[in-house]
Amino acid sequence: MEQELIQENKKNGSKEVEQKRKRRELKMEKQEKSIHDLPGVGAATAEKLMSVGYSDLMSIAVASPSDLVDSTGMGIALAKKVIAVARSSLDMGFESGEELLRRREKVIRLKTGSKAFDSLLGGGLETGAITECFGEFGSGKTQIGHALAVNCQTVDKDAVAVYIDTENTFRPERIIQLAKGAGMDEEQVLKSIKVARAYNSDHQMLLAEKVEDLIKKQGLNVKLVIVDSLTAHFRAEFIGRGTLADRQQKLNKHMHVLSKLADRHNFSVYVTNQVMAKPDMFFGDPTQAIGGHIVAHTSTFRIYLRKGKKGTRVAKLVDSPNLPEGEAGFYVDESGVKDVE
Ligand code: GTP
Ligand code: MG
């Protein structure tokens with residue numbers, strides 16, 4: 001009898017082990033599935049998808065059918081099927097609030113150099129999110145970008161900043177000044193900033209997508225991606241009312257690529273944006289950000305910068321998912337972005 005019980009327990013025990021093993025295998029199978037394993041996707045289509053940047057299942061799962069049609073020339077029905085299969089082979093359903101909270105714990109906050117500015121954002125620019133600064137010329141947007149590119153390197157020894165420069169305003173000399181101001185090794189700081197000049201809006205969009213290569217192929221620990229300016233090329237290239245829809249569609253796509261990558265790789269995105277005069281406004285500040293609703297809705301945090309008294313600057317948080325509106329004063333000097341005394 002006793003012998004039988006032991007035997008039975010053993011059997012149950014090994015059943016449990018077996019079940020666990022099966023579950024683990026299934027999970028690994030799901031993770032390891034590549035584009036080549038998708039049913040109904042021939043080798044040629046898979047190659048095509050890979051060649052235009054859909055290198056893993058996640059990138060397909062979050063794409064829209066028209067994205068796939070445009071970039072590969074496949075039929076819409078096949079595109080829909082490929083996306084559906086990619087989605088079902090990944091766990092993409094709901095997450096519990098608890099899981100989300102655990103994910104939020106991974107958020108790092110990057111520092112501007114001004115404590116007041118950082119607290120306005122709950123302690124600094126969040127990773128996994130897009131922070132937009134908009135304001136008139138000389139309001140400090142580019143200076144903040146430079147300061148962040150330097151300061152973000154303090155969060156990890158191998159942290160890297162990516163600077164997509166559309167207006168030719170990135171200055172390595174300025175980085176050296178700021179690194180000195182922060183007491184950091186200037187040479188190392190410069191080495192850890194990857195700069196690319198974007199010559200037009202298409203090039204800018206492509207560079208944003210290429211950030212993933214820096215992470216996956218070169219193994220860089222990207223903590224910050226700066227796009228300065230986000231909207232200048234779009235504004236210059238799409239002139240007149242008739243082209244507005246096209247411009248917004250492209251900007252939307254660009255912002256979504258940035259947002260997706262920020263989320264997937266837990267880096268912070270900092271974008272700058274100009275303002276335009278709004279002559280039909282009689283009260284309040286007669287300026288508004290370029291890019292309209294698209295940029296406004298895709299940015300997680302939005303900050304309006306304006307010039308204050310005696311060379312100071314004022315940052316106003318105008319949109320945030322979890323923080324109250326507020327203002328902070330700061331100024332820019334040779335050593336960086338500083339608090340007003
Ligand atoms: P646009 O790109 O023209 O729309 O402006 P922006 O908002 O990017 O302005 P930017 O960040 O270039 O700010 C320029 C201001 O920062 C200058 O007017 C200076 O007040 C200040 N500034 C820029 N560089 C330095 C510097 O090296 N030393 C000091 N002390 N101040 C600087
Ligand atoms: Mg600028």
Would you say ALA129 is aliphatic (A, V, I, L, M) and within 16 Å of ligand 1 (Cβ to nearest atom)? no
Options LEU100, LEU68, LEU78, LEU90: the member that is touching a Phe, Trp or Tyr at 6+ places or on another chain (Cβ under 8 Å) and aliphatic (A, V, I, L, M): LEU68
Looking at region 101-115, can you tell me whether even one residue there is within 15 Å of ligand 2 (Cβ to nearest atom) and touching a Lys or Arg at 6+ places or on another chain (Cβ under 7 Å)? no
Kindly check whether there is at least one residue in region 137-150 that is more than 14 Å from ligand 2 (Cβ to nearest atom), among the polar types (S, T, N, Q) and either closer than 25 Å to HIS256 by Cα or surrounded by 17 or more Cβ atoms within 10 Å (Cβ to Cβ) (or both). no
Somewhere in region 87-110, is a residue within 14 Å of ligand 1 (Cβ to nearest atom) and assigned by TED's automatic domain parsing to the domain that holds LEU258? no
Could we say that LYS338 is surrounded by fewer than 12 Cβ atoms within 10 Å (Cβ to Cβ), within 14 Å of ligand 1 (Cβ to nearest atom) and either outside the structural domain of ALA63 (by TED's automatic domain parsing) or over 25 Å from the mean Cα position of the chain (by Cα) (or both) here? no
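The values are calculated or read from the model by the stated rules, or taken from the named source; none is laboratory data. All values derive from a computational prediction rather than experimental measurement. Every residue, glycine among them, receives a Cβ derived from its backbone with ideal geometry; neighbour counts consider all protein chains shown.
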